[in-house]
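Below: the structure, in structure tokens.
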Amino acid sequence: MGGVAGSDVRAVIVRLTKKGTVWATLRRGTFYAAVPAGHNVRTVVKVLTDGSHTSFTATRSR
């Protein structure tokens, strides 16, 4: 799972099905997280530099 984090993002948390969570690697305004086999991405949470959170539901591309 990867995407654009933006300059105001301090961390990205990827919430998975089956009670899993992965902290993404941030690099140059982008993020990447390896999703373990047998899990799907449920929600992506971005932690901003001011401490607030923003999240979105991930959908599978078709």
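When restricted to residues that are touching a residue at least 24 places away in the same chain (Cβ under 8 Å) and either touching an Asp or Glu at 6+ places or on another chain (Cβ under 9 Å) or open to solvent by 80 Å² or more (accessible area, probe 1.4 Å) (or both), region 30-49 contains 5. F56 falls short on exactly one of the conditions (1) touching a residue at least 24 places away in the same chain (Cβ under 8 Å); (2) touching a Ser or Thr at 6+ places or on another chain (Cβ under 9 Å); (3) open to solvent by 60 Å² or more (accessible area, probe 1.4 Å), and that condition is (1). Residue under question is L16, and the condition is that it be in contact with an Asp or Glu (Cβ under 8 Å, 6 or more places away or on another chain), surrounded by 12 or more Cβ atoms within 10 Å (Cβ to Cβ) and not small (G, A, S); does it hold? No.
Only one of the numbered conditions (1) open to solvent by less than 90 Å² (accessible area, probe 1.4 Å); (2) modelled with pLDDT under 95 is violated by R27, and that is (1).
The values are calculated or read from the model by the stated rules, or taken from the named source; none is laboratory data. Please read all numbers here as calculations on a predicted model, not as lab measurements. All Cβ positions, even for glycine, are placed from backbone atoms using ideal geometry, and neighbour counts span all protein chains on display. Surface accessibility is based on the protein's heavy atoms, side chains included, excluding ligands, DNA and RNA. Shrake-Rupley method; radii C 1.70, N 1.55, O 1.52, S 1.80 Å.
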